Structures are given as structure tokens and as C-alpha cells.
Amino acid sequence: MPESNYIQIKIGTESYDVEVGDISVSPVDVTVNGNIYSVDISKYLKNIQPKKRKITKKIPTRTKKQENITKNNNTVNNSVKSPMPGTILGVKVSVGDTVKVGDELLVLESMKMENMINSPIDGTISKILISEGDSVQHGQELIIF
């Protein structure tokens, strides 16, 4: 939608209601007291530099839900539990593997969405309680450190 500006100009005792249309194009429609005028401003447009915008890239941050899933996966006995019911699509680690926080452990499909389950702690995998294709329930232990 074109931008317009309304101003009221007073010259001596006379008042003028002025609306200036979109000045990024020429001619510009200018309305003075209800009368429309087309004003050619093309010779002025070449001297106008567009405003430069600072572009910032937003770095994704973990949502509360993602943080809660990671926190809920880590229990007192250092196990990873399923955050939801689903099917194991892939296991990315083996017994004896050393993992760090955030490393990929397995892929869990739930409601037709693939969810990567990451390590909540640094540690060594001591037991894998599931296999690819297994159906799991919410809260079921999957991996023990």
C-alpha cells in the first residue's frame, strides 16, 4: 500500500490540507484541499539514496519445550527416557561409545515427525535397551550411561 503523508499548511490567513502520495514513484499525487495534482519528482529521485538496513541473522535458540525434553531425559540413574510414544527409526550410538552433551543418540518418530534425541550429559553408553523399529512408550528407558 503506498505511503501517504497528511499535513496542514497555513499561509497568511489561508489554510491548506495537503496529502502527499508515495514519493518513491514519479509522478506523485498531491492533493490540496481536495484538488489532485500530479507532480513530477523524477529529477529529485536520482539524488535520494535508499535507507540501508542493518541485517541481523537470528540464531535459533532452544525452546522451553526442547529444554524440558532434554532435562526430562536425564534421570538419577543416568538414563535417557522417551519424551513421547513412538517408533525408533535409528540408533546412532553403540555400547561403549563416549558422547558429549547434545550428541545425537537416536531418531524417534512420533505423530509422523522425526525427533532427534540428543545426549543430556557427557558419558559412555553402557546399555542400549531398544532397537530400530521398536515401539516405545512415554517415559520408557532407551539408553543407559
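Rule-based calculations on the coordinates, nothing more; no lab input. All figures in this text were calculated on a predicted structure; none of them were measured in a lab. Because the Cβ atoms are built from the backbone with ideal geometry, glycine has one as well, and the counts that use them run over all protein chains shown.
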task: Please quote Rg/Rh for the stretch 5-45 to two decimal places, taking the Kirkwood radius as Rh and restricting both calculations to Cα atoms.
output: 1.04
- request: For residue 144 and residue 19, calculate 0.36 nm times their separation in residues minus their Cα-Cα distance, and state this gained length in nm to one decimal.
  value: 37.9 nm
message: With θ taken as phi - 60° and the coefficients 6.51, -1.76 and 1.60, list the Karplus ³J(HN,Hα) couplings across the stretch 109-115 in order, rounded to whole Hz; mark glycine and proline as x.
response: 8, 9, 6, 6, 10, 8, 10
- request: Using amide H atoms built 1.01 Å from N in the peptide plane, name the residues 5+ places from residue 105, or on other chains, whose amide H lies under 5 Å from its own.
  value: 117, 118, 119
- request: Return the distance in nm (one decimal) between the two label points of a simple spin-label model at residue 87 and residue 135, each offset 7 Å from Cα along Cα→Cβ.
  value: 1.0
